[in-house]
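Following: one structure in structure tokens, then a few remarks.
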Amino acid sequence: MDDAFVIAVDGPSGVGKSTVSRRVARHFELQHLDTGALYRAATLAVLEAGVPREDAARVIEVVRGIELDQSDGLTTLNGSDVSRVIRSDAVTNTVSEVAAIPEVRAILVDMQRCWVHAHDDRAVVEGRDIGSVVFPEASLKIYLTADPDERARRRAGEAGTDHGSTRRAIERRDAYDSNRAVSPLTVADGAIVIDTTHLTLAEVVDLVIAEASLV
Ligand code: C5P
């Protein structure tokens, strides 16, 4: 495989996109881009600037002025590693509103395309709109889904939070991400839908690898 090879992995929160994407990337020796981490880092910059998320003009100005990067699973904001702090509740509770601003999306989509291009156009890219908007010509499009209760169980296990509040937080973010006007979470044309509710992580990874091997 010497040519461009992009695998798009989309789906809602807590479905296991990151772990699956990372493992598939390792298997095929591809780069891995977690676009959710970029939206989170942009949101962190907005919070640190003290800009209220309702003030779209100032949010856009902040996002326009930042430098984001990702390598070896670490996300940097203006050169500093922010991989941990972007998982804080403050960021998690604000990110969907920031990500719903069309100009913010345009800036980050452009950044994502440049990043993949700079990595020889060979990557597993995970997010919400990768197969539908960012890379509609991806070699393979995967849409992972799972029952909301199961997603909350997985997320609560990772984060050490309680099931009820995790489920409510996931549902709130799902509703926001699915109903926004620009690039809502949706199954892209041509995407292979995998319901992971009753599958182990290894089974999901194997399914994606099998699909990618057919491309
Ligand atoms: O994937 P993760 O849960 O970290 O993403 C955080 C948030 O970033 C999502 O809830 C969504 O609002 C936004 N996002 C997005 N488009 C993407 C990736 C993430 O709008 N491609």
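No lab work stands behind these numbers, since they all come straight from the coordinates. Since we're looking at a predicted model, the values are computed, not measured. So basically every Cβ, Gly included, is an ideal-geometry build from the backbone, and we count neighbours across all protein chains shown.
If Lys and Arg each add +1 and Asp and Glu each add -1, what is the summed charge of the other residues whose beta carbon sits under 10 Å from the beta carbon of Ala25?
In short, +2.
State the three equivalent ellipsoid semi-axes of the stretch 52-105, derived from the C-alpha gyration tensor as the square roots of 5 times its eigenvalues, in descending order and whole Å.
20, 14, 9
Could you give the dipole magnitude of the stretch 61-113 about its Cα centre, charging the beta-carbon of Lys and Arg +1 and that of Asp and Glu -1, in debye to the nearest 20?
100
Just name one of Ser71, Ala4, Thr19: the one whose Cα is farthest towards the positive end of the charge dipole of the chain (beta-carbon charges, Lys/Arg +1, Asp/Glu -1).
Thr19
For the chain, what is the mean residue ellipticity at 222 nm derived from helices alone (per DSSP H run of n ≥ 4: -39500 (n - 2.57); sum divided by total residues; nearest 500 deg cm²/dmol)?
Estimated from H runs of four or more residues: -14500 deg cm²/dmol.
Once you place label points 7 Å from the Cα toward the Cβ at Tyr176 and Glu150, how far apart are they in nm?
In this crude spin-label approximation the distance works out to 2.6 nm.
Among 98-108, 202-212, how do they line up from the highest to the lowest mean number of other beta-carbon atoms within 10 Å?
Packing proxy ranking, top to bottom: 98-108, 202-212.
For Ile209 and Arg64 in one chain, what is 0.36 nm times their gap in residues minus the Cα-Cα distance, to one decimal in nm?
Working it through step by step, the gained length comes to 48.6 nm.
So for the chain, taking the charge dipole from beta-carbon charges (+1 Lys/Arg, -1 Asp/Glu), which of Val82, Leu30, Thr92 sits furthest toward the positive end?
Thr92
How big is the stretch 154-198 along each principal axis, measuring the range of its Cα positions in Å and listing the largest first?
35, 27, 12
Kindly state, as a whole number, the per residue volume in cubic angstrom of the convex hull around the alpha carbon atoms of the stretch 73-205.
Spelled out: Cα convex hull of the stretch 73-205, divided by residues, is 133 Å³.
Taking only the alpha carbons of the stretch 1-128, what extent do you get along each of the three principal axes, in Å, biggest first?
Cα extents, longest axis first: 45, 27, 25 Å.
Taking the Cα centre of the chain as origin, sum charge times position over the Cβ atoms of Lys and Arg (+1) and Asp and Glu (-1), and report the length of that vector in debye to the nearest 20.
Charge dipole of the chain: 560 debye, to the nearest 20.
If we sort 39-47, 166-174 on the protection proxy, mean other Cβ atoms within 10 Å, highest first, what's the order?
With the highest mean Cβ count within 10 Å placed first, the list reads 39-47, 166-174.
Among Ala169, Ile209, Thr186, whose Cα sits farthest toward the positive end of the charge dipole of the stretch 164-211 (+1 at Cβ of Lys/Arg, -1 at Cβ of Asp/Glu, about the Cα centre)?
Result: Ala169, furthest along the dipole toward the positive end.
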